[in-house]
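Colleague: There's a structure below that I have some questions on.
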Amino acid sequence: MLTTILLFVLILFLVVLVHEFGHFYVAKKSGMRVDEFGFGFPPKLFGVKKGETEYTFNLLPLGGFVKIYGEDGGHRDEPRSFGAQPIWQRALSIGAGVIMNFLLAYVLFSVLFAIGIPTSLGDETPENVQDIRMIVAQEPVEGSPAEEAGIKPGDEIISIASGGESLDPKMITEWDNFIEENKGSEVVISLYRGGEIVEKNITPREDYPRLEIGGVQPGSPAEVSGLQEGDVIEYLRTENDELSGYGLRVENVQNFVGEHNSEEITVFILRNGESQEVSLKPTMQGGEAKMGVILIEKSPTGINISRVGVIEHPWYMAPIKGAELTWNMTIGVGAAFINMLSTLVTTGSAPADIAGPVGIAMMTGTVSDLGFAYVLQFIALISLNLGILNLIPFPALDGGRLAFILVEKIKGSPVSKKIEGYAHMIGFITLILLIILITYKDIMNL
């Protein structure tokens, strides 16, 4: 546990340091006076002064800051003040943190493509794939045999045995078929966890819902069509295609919706013991077709298995592949933030799948067990999330500060120092309260 906490702090330190260094570097190069470079939020624990800048470590390790002289709107008549600089230089110094987060993600993705990037494979095996594993991809379904047995995300499936028969599964279909054949019988699952082999005994259920809707996005095609949380999806159908049976996995449903993004899809569901059907047409979000539902994959065991491998590309292709993935992930993460904000505004509660500091720390432990490449990928994703979060035009975030500069450009004069100060203070308090709310949710889910 201590190792996980230390790794989490190091990851957080890295992405925050990179972000704040962007602000610091551009401000310095623009001739501004930087009074403080801080990791974490006050109260201050200790600091070291070098030149005109004090480098501080603060009590709340939830971010960082660069304090630029005159950033509060004062001292505009002094040449090294933030307010005395041209609008474009001020905007660049504020946006530089986000740029650095994107750059860090790009560098890490490019390195990963060169040394081997973890990829979900399904039952297909592309070229240049190595280190194929069958892992538990998510928390087991609540109340399932897997949850009761203590199976955890990140556990690697080594073998499964029942009634004198055993299997070392290499394909998801092999796993599914073995479980199907042994429903109602005790099976022994050998797992690799934290450098050790552990065994778990479970009895796959004979009666269970296959794929359940865990949430519906407000205003989405799913909500408009009448789909509800708790509905069990029996199968999907278009005019010329159908997805049913063991094909009803989260990844397969996403692929099916993507392949039929311009068609009407009929969703057959089970609600309160009665079969119903609804029709919808997916919408495009972040370049992907979406129904607007959170899917919970339930199975006889309650385990969501993912077949993953490491794919390596030639070094000269790695920067290109890194740029492609950075762009695609930026679009995807941006769409996820829009959905999150929509849910917050319309329901007043945080989406079920959002994680705060505690949740991210728990993910760090899971990722570290999988290996170095997975940790690098995790850092890249956190860096992207931090960059996109800071682009939101909300007071106290970089996007909010850029919004005030835009208003200044449009109206030809700065916004009142008092008004902007109050806005950023209220924004900061709101963000802290939101972090506390999400952290409480994370703790309740432990």
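The values are calculated or read from the model by the stated rules, or taken from the named source; none is laboratory data. What you see is a predicted model; the values in this text were computed from it and never measured. As a convention, Cβ positions derive from the backbone with ideal geometry for all residues, glycine included, and neighbour counts pool all protein chains shown.
Colleague: Name the pairs whose Cβ atoms lie under 7 Å apart, with the first residue in segment 1-17 and under 19 Å from Phe41 (Cβ atoms), the second among the polar types (S, T, N, Q) and at pLDDT below 90, and 6 or more positions between them or separate chains?
Modeller: Once the first residue is under 19 Å from Phe41 (Cβ atoms) and sits in segment 1-17, its partners that are among the polar types (S, T, N, Q) and at pLDDT below 90 give Phe8/Thr364; Ile11/Thr364.
Colleague: Let me ask something else about it. Looking only at segment 121-138, decide whether some residue is assigned to a helix (DSSP H, G or I), in contact with a strand residue (DSSP E or B) (Cβ under 7 Å, 6 or more places away or on another chain), of a type in the set (Gly, Ala, Ser) and at negative phi. Steps first, answer last, please.
Modeller: Here is the first cut: in segment 121-138, the residues assigned to a helix (DSSP H, G or I) are none.
The answer is no, given that none of the residues of segment 121-138 is assigned to a helix (DSSP H, G or I), in contact with a strand residue (DSSP E or B) (Cβ under 7 Å, 6 or more places away or on another chain), of a type in the set (Gly, Ala, Ser) and at negative phi.
Colleague: Here is a list: Asp35, Asp77. Which entry is modelled with pLDDT under 90 and surrounded by fewer than 18 Cβ atoms within 10 Å (Cβ to Cβ)?
Modeller: Working: Asp35 fails: modelled with pLDDT under 90.
One residue alone meets the criteria, Asp77.
Colleague: Please find, among Ala114, Ala105, the residue that is out of contact with any Cys (no Cβ under 6 Å at 6 or more places or on another chain), crowded, with 19+ Cβ neighbours inside 10 Å, in a helix (DSSP H, G or I) and in contact (Cβ under 8 Å) with a residue 60 or more places away in the chain.
Modeller: Being out of contact with any Cys (no Cβ under 6 Å at 6 or more places or on another chain), crowded, with 19+ Cβ neighbours inside 10 Å, in a helix (DSSP H, G or I) and in contact (Cβ under 8 Å) with a residue 60 or more places away in the chain holds for just one of Ala114, Ala105, which is Ala105.
Colleague: Can you name every residue in segment 148-166 that is buried (at least 16 other Cβ atoms within 10 Å of the Cβ) and either in contact with a strand residue (DSSP E or B) (Cβ under 6 Å, 6 or more places away or on another chain) or over 13 Å from Ile189 (Cα atoms) (or both)? Let's see the steps before the verdict.
Modeller: Here is the first cut: in segment 148-166, the ones buried (at least 16 other Cβ atoms within 10 Å of the Cβ) are 149, 151-158, 160-162.
Ala149, Ile151, Pro153, Gly154, Asp155, Glu156, Ile157, Ile158, Ile160, Ala161, Ser162 - these are the residues of segment 148-166 that are buried (at least 16 other Cβ atoms within 10 Å of the Cβ) and either in contact with a strand residue (DSSP E or B) (Cβ under 6 Å, 6 or more places away or on another chain) or over 13 Å from Ile189 (Cα atoms) (or both).
Colleague: Please find, among Ile233, Ile294, the residue that is at pLDDT 85 or above and at negative phi. Break it down into steps so the answer makes sense when it comes.
Modeller: Working: Ile294 fails: at pLDDT 85 or above.
The conditions single out Ile233.
Colleague: Of everything in segment 356-396, what is touching an Asp or Glu at 6+ places or on another chain (Cβ under 6 Å) and not in a loop (DSSP other than H, G, I, E, B)? Give them in sequence order. Please lay out each step first, then the result.
Modeller: Of segment 356-396, the ones touching an Asp or Glu at 6+ places or on another chain (Cβ under 6 Å) are 356, 358-359, 390.
Residues satisfying the conditions are Val358, Gly359, Asn390.
Colleague: On to the next question. On the given criteria, is Glu36 without any contact (Cβ under 8 Å) to a residue 40 or more places away in the chain and either on the phi < 0 side of the Ramachandran plot or part of a helix (DSSP H, G or I) (or both)?
Modeller: In short, yes.
Colleague: Only one of Gly365, Gly348, Gly371 is at pLDDT 75 or above and surrounded by fewer than 18 Cβ atoms within 10 Å (Cβ to Cβ). Can you tell me which?
Modeller: Details: Gly365 fails: surrounded by fewer than 18 Cβ atoms within 10 Å (Cβ to Cβ); Gly348 fails: at pLDDT 75 or above.
Within the list Gly365, Gly348, Gly371, the selection yields Gly371.
Colleague: Scanning segment 410-446 for residues that are surrounded by 13 or more Cβ atoms within 10 Å (Cβ to Cβ) and basic (Lys, Arg), which turns out nearest to Gln85 (Cα to Cα)?
Modeller: Lys417
Colleague: Here's another thing I want to ask about it. Out of curiosity, is Gly143 at pLDDT below 90, assigned to a loop (DSSP other than H, G, I, E, B) and either loosely packed, with under 13 Cβ neighbours inside 10 Å or acidic (Asp, Glu) (or both)?
Modeller: On the way: at pLDDT below 90: yes; assigned to a loop (DSSP other than H, G, I, E, B): yes; either loosely packed, with under 13 Cβ neighbours inside 10 Å or acidic (Asp, Glu) (or both): yes.
The answer is yes for Gly143.
Colleague: Is there any pair with a first residue in segment 197-216 that is closer than 25 Å to Gly230 by Cβ and at pLDDT below 80 and a second that is in a loop (DSSP other than H, G, I, E, B) and among the basic types (Lys, Arg) whose Cβ atoms are under 7 Å apart and which are 6 or more apart or on different chains, and what are they?
Modeller: Listed pairs, sorted by first residue: Tyr208/Lys298; Pro209/Lys298; Arg210/Lys298.
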